[in-house]
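These notes concern the structure reproduced below.
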Amino acid sequence: MLQSIRERAQGVFAWLIVGLITIPFALFGINSYLGGGSESVAAVVNGDDISQRDFENGYRDFRQNLRQRLGENYRPEMIDEAELRQEVLQVMIRNRLLVQKSQSLGLRVGDDQVKQVIKSLPSFQVGGSFNQEAFERGVRLQGLTPSGFFEEVRLGLVSEQLSKAVVGSEFTTPSELDSLVRLRLQQREFEHVIIPAKTFLAEVTVSDDAVATYYAAHQNDYMAPERVKIQYIDLDVASIAKSLKADDEALLTYYNQNQSQYLSAEERRASHILIELEEGADAAAIQAAESAAQAVLERIKQGEDFAALAKALSKDPGSAEEGGDLGYFEAGVMEPAFDEAVFSLAVDEVSDLVRTPFGFHIIKLTEVREPKGKSFEEARPEIEQAYLKSEAERLFYEYAERLGNISYEEPDSLQPAADALGVQIKESDWISREGGEGILAAPKVVGAAFSEDVMVSGNNSEAIELSAEHVLVLRVIDHEEAAIRPLDEVKSEIQDQLRVKLAIEKADKRGAELAARLAQGERLESLAAELGVSAQPLKQINRDEQAVSAELVKHLFGMGRPEAGKPVHDHLALSQGDLALLVLHKVTDGTLAQANDLGGDAALNDALQRSRGKSYFQHLQGNLRAAAEVTITAETDR
């Protein structure tokens, strides 16, 4: 049931989220750079396959990246899965084209740079430092070996080199920089008068005939949208948890079953030296690797420094430079043979050779961190909260399944489901296709309410998954078709619109007359007194002025430049019906000496170059895509 809910996910606002996230070089999809094999493909780019597996991994990683970036603002119901999958695939295609172009240009990246990037990835860090266990686990989750992942990162960095090369190739001339500063830091000195809209509104009247004529010509502007009223049942974990209680016996049982959450496990810190062995290596290769590892072990036994040997000989790109240090980890997180060896050693003891799928290891235990934690009484508030949440989650999935089943089996009413689950049926106000308030604004809810099966056939909806812990079932109880609102209902609205329109026209006409009088020599102060308003004093503003309306600032910076002693006069009918009379006295251009206000010459020059470089890089991507032979399979739409 819940899987079918998930597969029906829709959302018209997904691109408000997607548009905020830049992913062309994100490492979430970097394994898409390597394709091949006989498995099904999602796309073929100039004869180079993007496998279906790589696409699904890239899409999964992007969703996780999206969830992490948005945190509590993550709204799965706002995401259109089909469109998002297509967008991710297009990004992977662009990445593949960039890799192909980079390779054709002979771009390369060295091992040291790749290691530094891997060590800097947050997903491989614990407490801000690279963690070998996190690295190995993350690589395994992608179905890769460390060396395979190493090469994929190298390819990603190669394509990033191309981006940097293009973006960094542009330059700016001194005259362009001068023009930017001159216009961006320009200041204008003016005085003005604001004549309020009420002055002109009082002079206009709107007849009933004018209202009727306008209504007849603009009826589509006064459509009452199609709307429905719904009944609904919604279930969420938080609400269920609030309705539950727990006794001491249940809490103590939960504590004993989950003691590791309140009492930390013993942690051990170890270093290792890895003599790498490729998967599927033959007997000769295994013998050679084992002999090499044994030789290193003998050197350690003879007193050579473990850390120095790790730096010189270990093939683990993550820990070698740290003297083989893997940091702290608990039992059960490493490969079984490795884990068993570490937890059998005494501090400063060195193991014999340990074989894992990665090769032969020599391990030294460096520290032991004893377990710490809280007693039952100390942890009781946390235990109660966790217990109630776990019970609510268990009941939620049971209730959600029953809600979906009963509402499907009894499609004419929500009452049987409400009775079976002991919950209340809620009822909405009118909802249009734009949505209601709160959870009723969710696109999935609106889509279900206006679907043919629910709105026309009168059935209960399927269970709608609003989040992983919140579902809702609804039915329509009233429906109104879209219709033109009657004239009597919108008459006052039209009158207000027409009055403002006429007032603006009258203000514009009056403004032209007054500006002409100013141009003939009358003073702004005397006109202001005549109009019963106050003239605003001389003021100097820049383009970022906040104390003056944006409309006025835009108009002022569009006025012609005054000659010495000859101010420029103008007027502006503002959108709310006010009239502004303007006297522009002086224009002062920005100078390079003021460039520090924008970050200095170097920052400005860099900003211009980057802006152009990014534009050229976008053109490069577009050209590569236009010239490419790309075939996309239908599997991306599933």
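The values are calculated or read from the model by the stated rules, or taken from the named source; none is laboratory data. Being a predicted model, the structure only gives us computed values, none of them experimental. Cβ: placed from backbone, ideal geometry, glycine included. Neighbour counts: every protein chain shown.
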Give the stretch 475-492 a look and list any residue that's surrounded by 13 or more Cβ atoms within 10 Å (Cβ to Cβ) and of a type in the set (D, E, K, R), or say none.
Arg475, Glu480, Arg485, Lys491
Within the stretch 152-166, can one find any residue that is at pLDDT below 75, closer than 30 Å to Ala593 by Cα and surrounded by fewer than 16 Cβ atoms within 10 Å (Cβ to Cβ)?
no
Which one of these does Glu279 not meet: (1) modelled with pLDDT of 90 or more; (2) closer than 30 Å to Phe130 by Cβ; (3) outside any helix (DSSP H, G or I)?
(1)
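Of Ser457, Ser461, which residue is crowded, with 18+ Cβ neighbours inside 10 Å and either in contact with a His (Cβ under 9 Å, 6 or more places away or on another chain) or in the same structural domain as Leu440 (by TED's automatic domain parsing) (or both)?
Ser461
Do we have any residue at all in the stretch 315-324 that's of a type outside the set (Asp, Glu), over 20 Å from Phe124 (Cα atoms), part of a helix (DSSP H, G or I) and at pLDDT 90 or above?
Step one: list which residues in the stretch 315-324 are of a type outside the set (Asp, Glu), which gives 315, 317-320, 323-324.
The next check asks that each one be over 20 Å from Phe124 (Cα atoms); those that pass are none.
No - not one qualifying residue is present in the stretch 315-324.
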Could you tell me whether Glu401 is of a type outside the set (A, V, I, L, M), in contact (Cβ under 8 Å) with a residue 40 or more places away in the chain and over 22 Å from Asp478 (Cβ atoms)?
yes
For the stretch 219-259, which positions are among the polar types (S, T, N, Q) and in a loop (DSSP other than H, G, I, E, B)?
Ser243, Asn258
Quick check on Ser467: is it small (Gly, Ala, Ser) and loosely packed, with under 15 Cβ neighbours inside 10 Å?
yes
Looking at (1) under 30 Å from Asp236 (Cβ atoms); (2) buried (at least 20 other Cβ atoms within 10 Å of the Cβ); (3) basic (Lys, Arg), which one does Lys364 not meet, given that it meets all the others?
(1)
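Considering each of Ala246, Ala210, Ala265 in turn, give the residue that is out of contact with any helix residue (DSSP H, G or I) (no Cβ under 8 Å at 6 or more places or on another chain) and not charged (D, E, K, R).
Among Ala246, Ala210, Ala265, only Ala265 is out of contact with any helix residue (DSSP H, G or I) (no Cβ under 8 Å at 6 or more places or on another chain) and not charged (D, E, K, R).
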The correct count of residues that are part of a helix (DSSP H, G or I) and under 30 Å from Tyr255 (Cα atoms) in the stretch 339-397 is 25
Would you confirm, using the coordinates I've provided, whether Leu309 is over 23 Å from Phe124 (Cβ atoms), free of Cβ contacts under 8 Å to residues at least 60 places away in the same chain, crowded, with 18+ Cβ neighbours inside 10 Å and of a type in the set (A, V, I, L, M)?
yes
